[in-house]
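Notes for the one structure printed next.
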Amino acid sequence: MRWQRKEMKKKLLIFITLVIFTLGLIVISPLAYSQTKGQSGDKIDGFPVVLNDSKLFIIQKGVGSFTAQERAETISKRLEKIAQDSSITIDKFTVEQQPDATNIVVNNKVLLTITQKDARAAREPELELAEHYLEILKNAVEQYRKERTPAYIILALVHSIIATLLIVVVFWAINLLSPRLQTLINSWREEHIPPLRFQNLELISAQKMTDIIISFIKFIRSLIFLSLIFIYIPFVFSFFPLTRPFGQRFISYFFRAIQLIVDSFIGYFPNVFIIAVVAITTFYTNRFLNFIFDEIERGNISFPGFYQDWARPTYNILRFLVIALAAVFVFPYLPGSNSPAFQGISVFLGILFSLGSTSAVANTVGGIILIYTRAFQIGDRVKIGEIIGDIEEKTLLVTRIRTPKNVLVTLPNSTLLSSNIINFSASARETKIPLVLNTTITLGYDAPWRKVHETLIQAAKATKHILENPAPFVLQTALNDFYVSYELNAYTHTTRGLDQIYSELHQNIQDKCNEADIEIMSPQYTALRDGNHTTIPANYLPQDYTAPGFHIESDNHSSKNS
């Protein structure tokens, strides 16, 4: 009982030490890995005799028809049965020497036979090897039975509870101190934490440095939590004989995973070098292309038939092709690229992309066609279907138009390919030919057409943004039953605010027609002149104007006014 308490206290002391210096796990991991490698390098060929998941010694040679593996498995099974039988005391383990072999006997039954082959393999005399194995077997059975006594189990439970409470307290303390430390560091912004500078160049601001330090503290906290859990699980499992193998396997799996990662990385290093060369080549190729097309966009480099507004889209397309080509070249060098799982995922993603990207591909093709047909540019005033507005944004997938009412309309590029696009800005921008604005007015036959032409031209010239050269002109587009249709045409260089220009033009037409004593008729308006007031506003009429009465004339040309 005293030995059990001493052993438990020793384990608990080790656990407390590991908790206090838990960050040492970061250093221990690579050391443990190198130690594992060193042990594997000195490994002796053979099969272990095992009790309670602990290796006792190695069987390297067979006996008769039994192979070394079969001997080790048989001895392990016999030993476990003996250890479980408390009626067999330790003093019943003896060594019996025979002429051709030496036996380890337990309760008058042979547990293990040691031959000259075993002695030569172990490089020890046969009798000394048997006595050495006997001592190992006695200690193993004694340890096996001690760890399964009620007193040992109770003591293990007590120490497990203490270890659990200790790790809970450590977690609570870390969660309590970490936010306070972050708050303290956050209060030091720009006061105690200077920016990172190189001469007069500020590389990282004080704000960013503070954020980096806080993020590092969070990372350390998470690392401590994981390290404590990694220490706690196998340590508590080691208290109990039934769970001790799981703890040992936990540690073994962890270091085996580290070893696998390191070995894979070392074996994969040539592929990493190839991928790095491809990545660097791709990066500088894209930088060179960016430089060339930037110069084309600025006009410093020009090619016949290649417009400046094509530079940026062409660069984006070429950059995508270069990256895609690099990805195809790098793909075989990726880890696991030849595995069935990797290939299956690739096929699945390819099918998913094919099924879901039909409209996206159509829009992309439409966007490329719209770019290279130069149907419009950003800022152009266009009419697409019933939508009139300015081009706000154009991408490979969609085009956005802002209407005069400040409404943003998004149109898929595939829709634009099947629509008529009216561009009000292209002519003035590319050929310097001004845009022609036109509006139609209907007047009665009693208005002299020469006077009407002159009046409408004066109205156009009085409007802002209407050019005097080329001069406005009027076309008579129709001679209807009761009125004449006049179309006023005027030139402008601007496409911004067309609604305001039209509104001002219509206002000036009304004012000029009223000043010229011309009544504006509409197709739905008729008037009986005798006895009716004119439609001209009163402020344009003479002060002595009165509405005429009805005038009646008889066949003998006599007349009468009423």
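Screening Ile518 against (1) in the same structural domain as Arg450 (by TED's automatic domain parsing); (2) at pLDDT below 65; (3) over 29 Å from Phe424 (Cβ atoms) leaves a single unmet condition, (2). In region 438-452, which residues are surrounded by fewer than 20 Cβ atoms within 10 Å (Cβ to Cβ) and closer than 23 Å to Gln500 by Cα? If the condition is that a residue be surrounded by fewer than 20 Cβ atoms within 10 Å (Cβ to Cβ) and closer than 23 Å to Gln500 by Cα, then Asn438, Thr439, Thr440, Thr442 are the ones that fit. Just one of (1) buried (at least 18 other Cβ atoms within 10 Å of the Cβ); (2) touching a Ser or Thr at 6+ places or on another chain (Cβ under 7 Å); (3) modelled with pLDDT of 90 or more fails for Thr477. It is (1). For residues that are over 28 Å from the mean Cα position of the chain (by Cα) and not charged (D, E, K, R), scanning just region 259-292, find the one that is nearest to Ile323 (Cα to Cα). Checking each candidate, the answer is Ile292.
Every residue, every condition in (1) exposed (fewer than 12 other Cβ atoms within 10 Å of the Cβ); (2) among the polar types (S, T, N, Q); (3) over 30 Å from Asn175 (Cα atoms), yes or no:
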{"position": "Ser205", "(1), (2), (3)": "no, yes, no"}
{"position": "Pro234", "(1), (2), (3)": "no, no, no"}
{"position": "Phe237", "(1), (2), (3)": "no, no, no"}
{"position": "Ile251", "(1), (2), (3)": "no, no, no"}
{"position": "Gly267", "(1), (2), (3)": "yes, no, yes"}
{"position": "Val272", "(1), (2), (3)": "no, no, yes"}
{"position": "Tyr284", "(1), (2), (3)": "yes, no, yes"}
{"position": "Asn290", "(1), (2), (3)": "no, yes, yes"}
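Ile258 fulfils the conditions (1) within 30 Å of Asn338 (Cα to Cα); (2) touching a residue at least 60 places away in the same chain (Cβ under 8 Å); (3) in contact with a Lys or Arg (Cβ under 7 Å, 6 or more places away or on another chain) except for a single criterion, (3). Quick check on region 178-192. Is at least one of its residues among the β-branched types (Val, Ile, Thr), modelled with pLDDT under 90, farther than 30 Å from Ile90 by Cα and assigned to a helix (DSSP H, G or I)? Checking region 178-192: at least one residue is among the β-branched types (Val, Ile, Thr), modelled with pLDDT under 90, farther than 30 Å from Ile90 by Cα and assigned to a helix (DSSP H, G or I).
Any idea which of Phe255, Phe288, Phe235 is within 30 Å of Arg145 (Cα to Cα) and either of a type in the set (Val, Ile, Thr) or assigned to a helix (DSSP H, G or I) (or both)?
Details: Phe255 fails: within 30 Å of Arg145 (Cα to Cα); Phe288 fails: within 30 Å of Arg145 (Cα to Cα).
Answer to the check: Phe235.
Based on this model, can you work out whether Lys61 counts as in contact with a Ser or Thr (Cβ under 9 Å, 6 or more places away or on another chain) and of a type in the set (Lys, Arg)? Yes, satisfied.
Of everything in region 354-376, what is closer than 30 Å to Gly305 by Cβ and part of a loop (DSSP other than H, G, I, E, B)? Give them in sequence order. Arg374, Ala375, Phe376 - these are the residues of region 354-376 that are closer than 30 Å to Gly305 by Cβ and part of a loop (DSSP other than H, G, I, E, B). Among the residues of region 71-116, the ones that are out of contact with any strand residue (DSSP E or B) (no Cβ under 9 Å at 6 or more places or on another chain) and closer than 16 Å to Phe47 by Cβ come to 1 in all. The residues listed here are Ala121, Ala163; of these, the one that is of a type in the set (Gly, Ala, Ser) and closer than 30 Å to Ile224 by Cα is Ala163.
For region 324-353, residues that are assigned to a helix (DSSP H, G or I) and loosely packed, with under 13 Cβ neighbours inside 10 Å total 18. Just one of (1) out of contact with any Ser or Thr (no Cβ under 7 Å at 6 or more places or on another chain); (2) within 21 Å of Gln500 (Cα to Cα); (3) among the basic types (Lys, Arg) fails for Lys394. It is (2). Scanning region 356-367 for residues that are surrounded by fewer than 14 Cβ atoms within 10 Å (Cβ to Cβ) and closer than 16 Å to Thr395 by Cβ turns up Ser357, Ser359, Val361. Among the numbered criteria (1) farther than 26 Å from Leu318 by Cβ; (2) in a loop (DSSP other than H, G, I, E, B), which one does Gly379 miss? The failed condition is (1).
The values are calculated or read from the model by the stated rules, or taken from the named source; none is laboratory data. Just so it is clear, the structure is predicted and the values come from calculations on it, not from any experiment. Virtual Cβ from ideal backbone geometry, glycine too; neighbours counted across all protein chains shown.
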